[in-house]
1. Out of the residues in the stretch 158-171 that are among the hydrophobic types (A, V, I, L, M, F, W, C), without any contact (Cβ under 8 Å) to a residue 60 or more places away in the chain and under 15 Å from LEU110 (Cβ atoms), which is surrounded by the fewest Cβ atoms within 10 Å (Cβ to Cβ)?
2. Among PHE155, PHE97, PHE148, which is the only one that is closer than 19 Å to ILE187 by Cβ, of a type outside the set (Lys, Arg) and surrounded by 23 or more Cβ atoms within 10 Å (Cβ to Cβ)?
3. Among what's in the stretch 172-189 and is of a type in the set (Val, Ile, Thr) and loosely packed, with under 14 Cβ neighbours inside 10 Å, pick the residue that is nearest to SER79 (Cα to Cα).
4. For the stretch 153-167, enumerate the residues that are polar (S, T, N, Q) and assigned to a helix (DSSP H, G or I).
5. I need the full set of residues from the stretch 113-144 which are modelled with pLDDT of 95 or more and open to solvent by less than 10 Å² (accessible area, probe 1.4 Å), in order please.
6. All but one of (1) without any contact (Cβ under 8 Å) to a residue 24 or more places away in the chain; (2) under 27 Å from LEU172 (Cβ atoms); (3) more than 20 Å from the chain's Cα centre (by Cα) hold for ILE83, so report the exception by its number.
7. For the stretch 60-67, indicate whether the set of residues that are under 19 Å from the mean Cα position of the chain (by Cα) and farther than 26 Å from LEU149 by Cβ is non-empty.
8. Would you mind stating whether GLY48 is under 18 Å from the mean Cα position of the chain (by Cα) and open to solvent by less than 50 Å² (accessible area, probe 1.4 Å)?
Amino acid sequence: MVVYLFVFVVSSFLFYLGSLYKCKWNLYSLLGLFIPAYVAGARDVSVGTDTEMYVHIYESALDYHWSDILYAAITVEPSYFVISKIAAALGGIFYLFFIYQLLTLVPIYLTVVKFKKYVNVGIVFCIYFCLLYSLSFNLVRQMAAVSFLFYGASFLLEQGCKSKYIKFLVCLIVGTLLHSSCLIGGIFIIVLY
């Protein structure tokens, strides 16, 4: 537990320092993303209620050939198959959870930085870490999908941008490729908007 609290504090502070720069991609923000993603990747497979299931699907996906992607998509989204293959090529299950944590954190970071003149980036990430980070250990694909939906919804708030709907739809499609439940959230946002 102390390790997680340390990661929350350090990463939140790094995000705060990174937000002080005009360039959103700087050493502080990259470290702020890397540290929690590393911890997520390095966790034991017993951490997270669904983690063992993800390991099982990962191992099953390795048995498939790239040409079997449509067949593999019957049981899980095709992106999981592709990310599993990439993780295996990089070195194993650590990279699967590392990549998924980055797929969760990067869209959230991009959304928060977009509104940094209204919010303190460090505090927003501290709240995220305290409330949702551990949930991303259980709902790996869902959290990544929701973060893309969150990022896509931020485009709908842009005034005078003609391409905001296209940007939203691209994020919705990417999120749906990560987990099909994203489509339900996307429909909800479309109806409300």
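The values are calculated or read from the model by the stated rules, or taken from the named source; none is laboratory data. Not measured: the values here are computed from a predicted model. Reconstructed Cβ throughout: ideal geometry from the backbone, glycine too, with neighbour counts over all protein chains shown. Accessible surface areas use protein heavy atoms only, side chains included; no ligands, DNA or RNA. Shrake-Rupley method; radii C 1.70, N 1.55, O 1.52, S 1.80 Å.
1. Step one: list which residues in the stretch 158-171 are among the hydrophobic types (A, V, I, L, M, F, W, C), which gives 161, 166, 168-171.
The next check asks that each one be without any contact (Cβ under 8 Å) to a residue 60 or more places away in the chain; those that pass are 161, 166, 168-170.
Pick out the ones that are also under 15 Å from LEU110 (Cβ atoms) and you get 168, 170.
Details: PHE168: 22, VAL170: 15.
Checking each candidate, the answer is VAL170.
2. Values: PHE155 fails: surrounded by 23 or more Cβ atoms within 10 Å (Cβ to Cβ); PHE97 fails: closer than 19 Å to ILE187 by Cβ.
Of PHE155, PHE97, PHE148, the one residue that is closer than 19 Å to ILE187 by Cβ, of a type outside the set (Lys, Arg) and surrounded by 23 or more Cβ atoms within 10 Å (Cβ to Cβ) is PHE148.
3. Let us first name the residues in the stretch 172-189 that are of a type in the set (Val, Ile, Thr), namely 173-174, 176, 184, 187, 189.
Narrowing further to those that are loosely packed, with under 14 Cβ neighbours inside 10 Å: 184, 187.
Details: ILE184: 18, ILE187: 21 Å.
Checked the stretch 172-189; the qualifying residue nearest to SER79 (Cα to Cα) is ILE184.
4. Filtering the stretch 153-167 for residues polar (S, T, N, Q) gives 154, 159, 163.
If the condition is that a residue be polar (S, T, N, Q) and assigned to a helix (DSSP H, G or I), then SER154 is the only one that fits.
5. VAL121, GLY122, PHE125, PHE129, TYR133, ALA144
6. (3)
7. Within the stretch 60-67, none of the residues are under 19 Å from the mean Cα position of the chain (by Cα) and farther than 26 Å from LEU149 by Cβ.
8. Numbers: under 18 Å from the mean Cα position of the chain (by Cα): yes; open to solvent by less than 50 Å² (accessible area, probe 1.4 Å): yes.
Judged against the criteria, GLY48 is a match.
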